[in-house]
């Protein structure tokens, strides 16, 4: 890959672009900004901040120290977040505990805080009640909601006590954790809380392959993958490892665009402390020598910026990629599948399920999704 090729690392207003330009150039990283309204540059929007490809890892390392780089993903009044935070949505199931095993282990190795989140749903709909029954309904609803809240608090207390016992028995990494309860639709509340909590990583347990296929529509994890602004790590209940230093092989799917390089840097900042082999994977409908060349370029880029790791690449047939993924997992003994989840409009989500969805429901391998 061409180290001097310019890539876009952010799109901001002119004012923010100038601030980022100043920060990076003070660190001897040349910056170009494009799409400026030359008549009224101060109010220009959609300004591209561009740097040389070879400067990308260093630039991202610098910018993550500044809250301005993350403000577009934050709530208006959200404070700048510098500490590492792990969010683990749970439903008190066995696969919730599996997510806690992985999440606590990650937190231990990264000196991160852990927050458990349980969202409970109260299925009461006033519109379905006759007007004459409104008072009776309100009383009944209030009592029922209190019962739900009492039960949920009890379940969370028992789950928390179980985790403390597992820590005491040496079966769970010894990290401090807290929990919170929210009422609402689980996938909506998880994403809302993410914007508030600003997690470094979201770790979610999922059912095994056979059970997930029965729950294709309305899967909480699938909905979170679609809308999350933070990396989401989906852990199947029957995953073979419980500690991340047991991971040996990673598959990283690429479409050869600059967002993949930024996602790769995010991945390495999350998992770079672990030792593993990485396989770059591209999906193509037909053989193409140019794809081979670009994959070799990504491998070279990875070796140059993250030395000391074994890497290779392969191409999967796009016409039957689920079979290709399963064959890849078996042949390369893949422990984690990693993809970049690109934003799509609502019609694409409804009628053309994303690659992330398909992998989630058809694979028993953990799936790490990094938003673009």
> Which of the residues spanning region 53-96 are surrounded by fewer than 13 Cβ atoms within 10 Å (Cβ to Cβ), closer than 25 Å to residue 220 by Cβ and at pLDDT below 65?
Replying inline: 75
>> Which of the helices (runs of 4 or more DSSP H) found entirely inside region 220-321 contain at least 2 residues meeting this: under 18 Å from the mean Cα position of the chain (by Cα) and crowded, with 17+ Cβ neighbours inside 10 Å?
In response: 220-227, 258-271
> Tally time: how many residues in region 223-244 are in contact (Cβ under 8 Å) with a residue 60 or more places away in the chain and closer than 19 Å to residue 200 by Cα?
Replying inline: 13
> Looking only at region 322-341, which residues are surrounded by 20 or more Cβ atoms within 10 Å (Cβ to Cβ) and not in a strand (DSSP E or B)?
Replying inline: 325, 328, 334, 335
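The values are calculated or read from the model by the stated rules, or taken from the named source; none is laboratory data. Please read all numbers here as calculations on a predicted model, not as lab measurements. Glycine also receives a Cβ, built like all others from the backbone with ideal geometry; neighbour counts cover every protein chain displayed.
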